[in-house]
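The values are calculated or read from the model by the stated rules, or taken from the named source; none is laboratory data. On a predicted model such as this, the values are computed, not experimentally measured, just so you know. A quick note on method: Cβ atoms are made from the backbone with ideal geometry, for glycine too, and the neighbour counts reach across all protein chains shown. In case anyone asks, the SASA skips ligands and DNA or RNA and just uses the protein heavy atoms, side chains included. Shrake-Rupley method; radii C 1.70, N 1.55, O 1.52, S 1.80 Å.
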Amino acid sequence: MVLHNPNLLETALTEQLGIEIPLICGAMYPCSNPELVAAVSEAGGIGVVQPLSLVYAHGHDFRDGMRLIRALTSKPVGMNVIVEKSSKVYEERMKLYTDQAIEAGVRFFVTSLGNPRWVVEKAHAAGGRVYHDVTNRKWALKGLDEGVDGLIAVNDRAGGHAGPQSRERLLEEMKDLGVPVICAGGIGAPQDFVEALKMGYSGVQMGTRFIATEECTAHQDYKQAVVDAGEADITLTERMTGVPVSVIRTPYIEKTGTKAGPLARWMLKGRKTKHWMRTIYSLQSFWKLKSSSVRSFSYRDYLQAGKSVAGVKAIEPAGDIVRSFARAAEDASS
């Protein structure tokens, strides 16, 4: 499928969000520091705040962190809300952060891993939009039933919790649903961006590419590992969250393996126990990532990244990356 719009940069995403370039800097724990979020928005895309990263990895009071971002850019920013019901305390904290984000002017929310209804209600009441992470048509329809405004189609080349299907298959499944569909996964170079837009996607979401930036506060060795890695260096591990996560293959990964242990596998099969096991994994990963990838580095780190590492050739300013992608789309439109 080839897009017929002569201007690839004018899409349903840019129209809905009031941005110049249909490019989202996806939320990443622990890599979504305020300076990175703001730099992408200031360059014409939209950076997305990861609240746990903002508060726990980078040490900001949530409101203070939002004020810092607003001091760096007046352009639109978004926020990620993981809506899985791991605990009542967690859910109430996410609702508080969402209210505070709306107070700070955020009108774009990306939801994942659960029912987005309460986020939709809060966002829509403030005139905002909600896009939901999905990996197939089934979950897309469930999200639309709950009122989301767009879909972030997570494909098999994504970092973090990658999906099982290709970007081509996902678009084919969702293009008739009447909402913007965003390509998430495998976008590391300007040509990848152009190809996704020409296929008919309304925009792209990138995470891995923005780790290797000057503004990202991840450890320099993590950034360099993203630059040095190729597709063959990306593997899936269940040992971070209980759900397969894309990471760079390291000696530590090779030593510990990528499969959950027997007890964990048993717990992950149960309707209630799977949430307990995922919470245990998440807490383990939380403290490991909090103490490692941002401020220090060791061979025991989990370095999250997707197959888009193939297109990452250097550590660059985030704004330069956004502008180079925009230029490529403009050239392809002329």
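Just a yes or no: is a residue in the range 15-33 touching a residue at least 60 places away in the same chain (Cβ under 8 Å) and out of contact with any helix residue (DSSP H, G or I) (no Cβ under 9 Å at 6 or more places or on another chain)? Yes, that holds for at least one residue. Residues in the range 44-88 that are at pLDDT 95 or above, part of a helix (DSSP H, G or I) and open to solvent by 30 Å² or more (accessible area, probe 1.4 Å): how many? Number satisfying all stated conditions: 7.
Evaluating L151 against the criteria (1) touching a helix residue (DSSP H, G or I) at 6+ places or on another chain (Cβ under 6 Å); (2) surrounded by 21 or more Cβ atoms within 10 Å (Cβ to Cβ); (3) not in a strand (DSSP E or B) leaves one unmet condition, (3). E10 satisfies every condition listed in (1) in a loop (DSSP other than H, G, I, E, B); (2) open to solvent by less than 50 Å² (accessible area, probe 1.4 Å); (3) not aliphatic (A, V, I, L, M) except (2). The residue that is farthest from the chain's Cα centre (by Cα), counting only those in the range 89-116 that are in a strand (DSSP E or B) and at pLDDT 95 or above, is F108.
Restricting the range 160-175 to residues that are aliphatic (A, V, I, L, M) and free of Cβ contacts under 8 Å to residues at least 60 places away in the same chain, the residue that is surrounded by the most Cβ atoms within 10 Å (Cβ to Cβ) is L170.
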